[in-house]
Amino acid sequence: MRRLALSTALIMSMLPLAAQAEEPLKIGVLLTLSGPPAVLGEHARDGVLLAEKTLGDKVGGREVELIVVDDEGKPDIAAQKARDLVEAQGADFVIGPIFSNIMNAIAGPVTSGGAILVSPNAGPSNFAGKDCNPDIFVVSYQNDQMPQALAEHMNRQGVANAYLLAPNYQAGKDSLNGFKSVFKGEVAGELFVPLGQLDFSAELAQIAASQPAAVYAFMPGGMGVNLVKQWSQAGLGSIPLMSAFTVDETTLPAEQDAAVGMLTGSNWAPDLQTPGNAEFVAAFQGAYGRVPSLYAVGGYDALMLIDSAVKKAGTEDREALRAALKQADFQSLRGSFKFSTNNFPVQDFYLTKAIKAEDGTYRTSVVEKVFTAAADSYVGECPMK
């Protein structure tokens, strides 16, 4: 019996790796899943889970273990959990995060630990430029790009001046810098508020006193809900409030009629006419009982990207895996999609509007395309070729 066991072991050792049973592919999913911004992470997580189901519970043809972790919205805790995912639990990939300050904290622990980081949402400027990394892929956008689409729309409308409002962290700074890089009018005022602030009475009083032609705001999650509600209550309806990540499918269920008609810059909407998008929206609503958001799209596309690369290259040859990821050989829900040399997307951007749909749900709808096949502004600073 022992001789038979040894013979079997010898035969197995002589077989090609592909013929031997592979370990499950381990993918960490590190997102903000608690506190006021939890809905953003929940959408991204559910997008990942729907992609897993769509792929028949396998990724790259392999059994997969998804390890979902809450970063709690705290950079220090996120870094610890990222290190545990890679070093202790052996994650091959980490999908995350939602917030740019968290991405700055986890990029080192993930990539130095030997895993590949795939961001479904956060797209800080430093990783698009000087800090670009061959083991970091961003499937969403660069933080400047949504506001740039909205700034271009304002230019076309001849908006003379705009007041700017954002939270004081990396994505907020990127957002306002992106807007100002394109906007041709004057900046009537610029305010940064603490991340997580929910009372905007002081800021709204300053805007009311300034009477700008328009306001651009970047206020994700619960911050956006409160801003939109307080905007309406403050009687500022005569001043157009245009935004990115403030009026979307994560905030509209709470904002409802107060947001209807507001314009946003985006790379996606539920009614975008791209292959598979209508089916995705229907499947997401059926599975989770809510309209998907761009955060859900980011999670879905992140797993589909990983699936396409692992099918082509496996995970043993890092250079081959990077090359396969770079090819982005998957059908993005946004349609046209490819990576620039900095591993950030080249994609289309749209003006969208908040509507109340016939089924009673609140969602965004495409008004017009603003940019076609747009790359970000920082790619020239990235030393990768």
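Hey, how many Å between the Cα centroid of the range 180-201 and the Cα centroid of the range 30-51?
About 26 Å separates the Cα centre of the range 180-201 from the one of the range 30-51.
For the range 339-385, take N as its residue count and report Rg(C-alpha) divided by 2.2 N^0.38 Å.
Output field value: 1.68.
Based on the Kirkwood radius over alpha-carbon pairs, what value in µm²/s does the Stokes-Einstein equation return for the translational diffusion coefficient of the chain at 10 °C and 1.306 mPa s?
74 µm²/s
What is the extension gain from GLN206 to VAL68, computed as 0.36 nm multiplied by their sequence separation minus the C-alpha to C-alpha distance, in nm to one decimal?
45.5 nm
Once fully extended, how much extra length lies between LEU191 and SER238, figured as 0.36 nm per residue of separation less the alpha-carbon to alpha-carbon distance?
14.9 nm
Would you grab the residues whose amide H sits under 5 Å from the one on GLU190? Only those 5+ places off in sequence or on another chain, please, with H modelled 1.01 Å from N.
Here LEU164 satisfy the definition.
Can you give the alpha-carbon Rg of the range 116-191 over 2.2 N^0.38 Å, where N counts its residues?
1.22
Could you compute the net charge surrounding ALA166? Neighbours are other residues with a C-beta less than 13 Å from the C-beta of ALA166; K and R count +1, D and E count -1.
Net of charged neighbours comes to -2.
State which helices in the chain qualify, where a helix is a whole DSSP H run, it must extend 20 Å or more along its own axis by its Cα atoms, and its mean Kyte-Doolittle hydropathy must be at least 0.5.
The qualifying helices are 294-313.
How many nm is it between the label spots at GLN327 and SER181, if each spot is 7 Å from the Cα in line with the beta carbon?
Each label point is offset 7 Å from its Cα along the Cβ direction, giving 3.1 nm.
Using amide H atoms built 1.01 Å from N in the peptide plane, name the residues 5+ places from PHE339, or on other chains, whose amide H lies under 5 Å from its own.
Residues meeting the criterion, in which the H sits 1.01 Å from N, are VAL346.
With θ taken as phi - 60° and the coefficients 6.51, -1.76 and 1.60, list the Karplus ³J(HN,Hα) couplings across the range 120-131 in order, rounded to whole Hz; mark glycine and proline as x.
x, 8, 4, x, x, 5, 5, 7, 7, x, 5, 9
Jot down the per residue volume, in cubic angstrom and as a whole number, of the convex hull over the alpha-carbon atoms of the range 58-129.
90 Å³
Counting only helical runs of four or more DSSP H residues, what would the 222 nm mean residue ellipticity of the chain come to if each run contributes -39,500 (n - 2.57) and the total is spread over all its residues?
Taking each H run of at least 4 residues, the total per residue is -12000 deg cm²/dmol.
Just how many % of Cα pairs in the range 152-300 lie over 21 Å apart, if you round to the nearest whole percent?
Looking at the range 152-300, the distances longer than 21 Å represent 46 percent of pairs.
In terms of the Cα gyration tensor, with a ≥ b ≥ c the square roots of its eigenvalues, is the range 69-219 rounded because a/c is under 1.5, prolate because a/b exceeds b/c, or oblate?
In terms of gyration-tensor shape, prolate.
Read-outs: derived from the displayed coordinates by stated rules, not from any lab. Here the structure is a predicted model, which is why all the values come from computation and not from measurement. Ideal geometry is used to build each Cβ from the backbone, glycine not excepted, and the neighbour counts take in all protein chains shown.
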